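Quick notes on the structure that follows.
The values are calculated or read from the model by the stated rules, or taken from the named source; none is laboratory data. Quick caveat: nothing in here was measured; it's all calculated off a predicted structure. Cβ: placed from backbone, ideal geometry, glycine included. Neighbour counts: every protein chain shown.
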Amino acid sequence: MSTVVDIQNLAVTFATDGTPVRAVDGVSLNVQAGEVLAIVGESGSGKTVTAKTILGLLPSTATVSGVVMLGTNDVVQVSGKRLREIRGTDVAMVFQEPSTALNPVFTVGWQIAEGLRAHGKYSKKAARAKAIEILGKVGIPEPAERVDYYPHQFSGGQKQRVVIAMALVLEPGVIVADEPTTALDVTVQAEILDLLRRCRDDFGAAIVLITHNMGVVADLADRVAVMYNGSVVEEDNARSLFANPKHEYTQKLLGSVPKLGTGLAQTQARAAARPIVEKDPVVVADNLVIEYAGRFGRPGFRAVDGVSFKIHAGEVLGLVGESGSGKTTIGRTIGGLTKATGGSLMVLGREMRGIRERDFKPLRSDIGFVFQDPASSFNPLLTIAEAVAEPLLVHKKAGDVAAARPRVNELLEAVQLPRAFGDRYPHELSGGQRQRASLARSLALDPTLLIADEPTSALDVSVQAKVLELFTELQRDLGFAALFISHDLAVVDLLADRIAVLYRGKLVEEGTGAEVLGAPQHPYTQRLLASLPVPDPVEQAERREVLRALREAE
């Protein structure tokens with residue numbers, strides 16, 4: 001096979017107001033035609049910087065040395081004009097967050113055609129025909145109609161397909177995929193991985209995959225390079241690396257990955273240490289219905305349809321399901337952020353259906369909320385200490401931030417953050433540190449009930465392991481009940497006493513982890529389990545066949 005990317009002794013340094021930051025330090029890698037190379041490592045390891053160097057996408061503050069050969073072009077040395085010619089035709093990028101990669105004011109067809117027009121003379125009709133063709137190839141239904149849709153009219157998984165279509169339309173030799181499945185449900189993630197596999201097989205494209213999800217690596221990669229502190233510490237073919245990791249950091253990385261079936265012992269230990277109180281449940285949903293009103297004469301949308309469950313004091317209920325299943329809607333309704341429209345929902349002894357805000361306000365101090373994305377849930381103008389103190393000020397538990405600071409310091413130490421971090425702003429913390437600060441804020445008022453909405457979905461596996469361990473310790477010590485919303489079954493297995501599975505607004509299965517994950521009864525739960533990639537290439541290949549059989553049986 002021919003080499004399509006050859007990186008030799010690459011070093012990247014970023015100029016800052018203080019000391020220059022060496023992000024990549026002497027990296028040498030190569031990618032063969034038709035090969036999938038996965039570059040893995042935690043945040044700050046230099047994997048995304050290395051990948052962006054292949055496209056010449058680094059900012060002006062970066063100083064680059066070394067050689068990055070893309071075919072016959074050294075990307076480090078070529079002119080800006082030549083770089084523009086290379087991008088799209090020789091190499092293309094699939095960005096991590098399709099919502100920000102797509103322009104909200106143009107149709108997806110126009111955005112695909114824009115790349116065509118930039119690299120050749122296409123008539124409007126020919127560009128549209130090519131856009132329809134590529135949308136069909138990436139699995140967008142009714143492409144002739146949906147080519148005129150705007151990004152907001154697609155689901156998260158479909159938007160990711162559109163971004164892949166934009167990358168494929170000029171048939172580049174190399175596709176750089178930066179965390180292409182990070183925020184996707186496991187079922188959608190499995191579809192995107194199948195699509196990337198087809199990109200390799202049908203289009204002959206080499207893929208440089210940047211990810212922290214070791215299950216995705218096991219599913220897709222031919223070869224793996226592990227990066228740590230800007231250097232490649234280990235490189236091997238996927239099967240050898242997973243079977244026999246040699247470097248200490250690789251062993252730690254693989255050891256941090258939560259695995260299905262390991263949660264039973266932890267659940268039993270937690271139950272022995274703090275028995276669940278089944279008398280007077282904290283939350284009782286009885287045939288709960290939540291509808292969003294229709295607009296412009298259209299009928300309303302029923303997001304939750306006749307769901308019944310209980311959360312007892314000191315219990316963690318894991319709520320799983322794909323996007324649109326209604327799990328976040330249920331969490332928001334329990335927290336008083338969305339109205340219940342049918343059935344009954346008792347939260348801390350109060351009926352939520354028809355409740356007025358002034359009646360619910362006293363209960364708010366007993367409910368903590370950990371949001372999915374701490375970067376957007378924190379006010380960027382407030383320091384971490386001010387953000388964590390906010391619930392104390394709103395509920396008049398402290399007069400000002402200075403008075404609240406002793407409690408804030410306690411909370412920061414409880415989530416294993418130094419007190420000095422209270423004086424930093426959100427952008428000065430890493431993703432894992434921000435999520436810990438978010439957890440500290442949710443615990444400020446000693447809540448009886450905690451609602452955690454996808455709190456670990458965008459974290460590296462090593463950081464995720466620390467946050468999950470922290471969550472378990474805090475729940476054991478403080479004894480709050482929790483609704484843990486996630487699409488990662490292995491994470492829910494570790495944390496939850498019981499698991500409830502939602503599908504299209506209905507509760508299709510409920511039980512302990514051993515019951516739901518060990519012997520799933522509903523076809524959707526079976527498909528959900530088969531869709532979850534495991535960090536073992538051999539086992540993952542077998543699971544892929546099981547998933548294919550389940551899809552064909554539907």
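Given the criteria surrounded by fewer than 18 Cβ atoms within 10 Å (Cβ to Cβ), within 22 Å of Arg332 (Cα to Cα), of a type in the set (D, E, K, R) and under 24 Å from the mean Cα position of the chain (by Cα), does Asp373 qualify?
yes
Here is a yes/no grid of residues against (1) surrounded by fewer than 22 Cβ atoms within 10 Å (Cβ to Cβ); (2) in a helix (DSSP H, G or I); (3) of a type outside the set (A, V, I, L, M, F, W, C):
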position: Ala144; (1), (2), (3): yes, yes, no
position: Ile164; (1), (2), (3): no, yes, no
position: Ala167; (1), (2), (3): no, yes, no
position: Leu170; (1), (2), (3): yes, no, no
position: Ala177; (1), (2), (3): no, no, no
position: Gln189; (1), (2), (3): no, yes, yes
position: Asp194; (1), (2), (3): yes, yes, yes
position: Arg198; (1), (2), (3): yes, yes, yes
position: Asp201; (1), (2), (3): yes, yes, yes
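What number of residues in the stretch 137-161 are at pLDDT 90 or above and among the hydroxyl-bearing types (Ser, Thr, Tyr)?
Within the stretch 137-161, residues that are at pLDDT 90 or above and among the hydroxyl-bearing types (Ser, Thr, Tyr) number 2.
Assess whether Asp493 counts as being buried (at least 22 other Cβ atoms within 10 Å of the Cβ) and either acidic (Asp, Glu) or part of a helix (DSSP H, G or I) (or both).
Yes; evaluated as a whole, the condition is true for this residue.
Name the residues in the stretch 325-357 that are among the hydrophobic types (A, V, I, L, M, F, W, C) and assigned to a loop (DSSP other than H, G, I, E, B), would you?
Leu337, Ala340, Leu348, Met352, Ile355
Can you go through Gly215, Gly230 and tell me which one is in contact (Cβ under 8 Å) with a residue 40 or more places away in the chain and closer than 30 Å to Asp453 by Cα?
Only one candidate passes the filter, namely Gly215.
In the list Val304, Val289, which residue meets the criterion of being under 22 Å from Val186 (Cα atoms), touching a Ser or Thr at 6+ places or on another chain (Cβ under 6 Å) and buried (at least 18 other Cβ atoms within 10 Å of the Cβ)?
Val304
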